[in-house]
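Student: Here it is, the structure, as structure tokens.
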Amino acid sequence: QVQLVESGGGLVQAGESLRLSCAASESTFSSYAMGWFRQAPGKEREFVAGINWTGTSTYYADSVEGRFTISRDNAKNTVYLQMNSLKPEDTAVYYCAAAMIYGPRKVRQYDYWGQGTQVTVSS
């Protein structure tokens, strides 16, 4: 059982940056592909970014491509989401998730989830 704990959320103005972190409890962290999702009020949870086991391959939702960067540090059992040029429409609860396969964009394809961290972007 992998436990994931997100941190780094907060309230920022449009155009500013935030970096989210997700710490994993397991030393087998490097065995999992990781992803970030977000869920805005009244909307379904949506894929944001994914990264493979070694951090050498990443992929993004079109809405964040070029503004967000996912990375990981397997020595620290941590995955990051650097968010630049934030927009009000980025406001959501952000979740990290772990998967046994690489490349998934669907919620059901991920095996473990964190509790989420709130990101609010004011205009």
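The values are calculated or read from the model by the stated rules, or taken from the named source; none is laboratory data. Quick caveat: nothing in here was measured; it's all calculated off a predicted structure. A quick note on method: Cβ atoms are made from the backbone with ideal geometry, for glycine too, and the neighbour counts reach across all protein chains shown. Please note that ligands, DNA and RNA were not included when accessible areas were found on the heavy atoms of the full protein model with its side chains. Shrake-Rupley method; radii C 1.70, N 1.55, O 1.52, S 1.80 Å.
Student: Taking a point 7 angstrom from the Cα of Val107 along the C-beta vector, which residues in the stretch 24-66 have backbone N less than 15 Å away?
Tutor: The answer is 36-48.
Student: Follow-up. Quick check: at a probe of 1.4 Å, how many percent of the accessible area of the stretch 63-111 sits on carbon and sulfur atoms?
Tutor: That share works out to 48 percent.
Student: Please work out, to two decimal places, the log10 of the ratio I(q)/I(0) at q = 0.30 Å⁻¹ from a Debye calculation in which every Cα of the stretch 26-83 carries one identical scatterer.
Tutor: Debye output, listed in q order: -1.22.
Student: Quote to one decimal, in nm, the extra length available between Ser31 and Ser123 on full extension: 0.36 nm per residue of separation minus the C-alpha distance between them. Show your work: numbers first, answer last.
Tutor: Values: separation 92, 0.36 × 92 = 33.12 nm, distance 3.95 nm.
Extra length available between Ser31 and Ser123 comes to 29.2 nm.
Student: Still on this model: What number does the stretch 53-107 give for Rg over Rh if you use C-alpha atoms and the Kirkwood radius?
Tutor: 0.95
Student: If you take the Cα atoms of the chain, find Rg, then find the Kirkwood Rh from the mean of 1/r over all pairs, what is Rg/Rh? Don't skip to the answer; put the middle values down first.
Tutor: On the way: Rg = 13.2 Å, Rh = 14.1 Å.
On the Cα set of the chain, Rg over Rh gives 0.94.
Student: Hey, can you find the accessible area per residue of the stretch 13-66 for me, probe 1.4 Å, expressed in square angstrom?
Tutor: With all protein chains present, the stretch 13-66 gives 51 Å² per residue.
Student: Could you derive backbone 3J(HN,Hα) for the stretch 32-41 from the dihedral phi with the Karplus parameters 6.51, -1.76 and 1.60 (θ = phi - 60°), listing whole Hz in sequence and x where the residue is Gly or Pro?
Tutor: 10, 6, 10, x, 10, 10, 9, 9, 8, x
Student: Could you work out how much longer the chain between Gln115 and Ser85 gets when fully extended? Use 0.36 nm per residue separation minus the Cα distance between them, nm to one decimal.
Tutor: Details: separation 30, 0.36 × 30 = 10.80 nm, distance 2.47 nm.
Full extension of this stretch gives 8.3 nm more.
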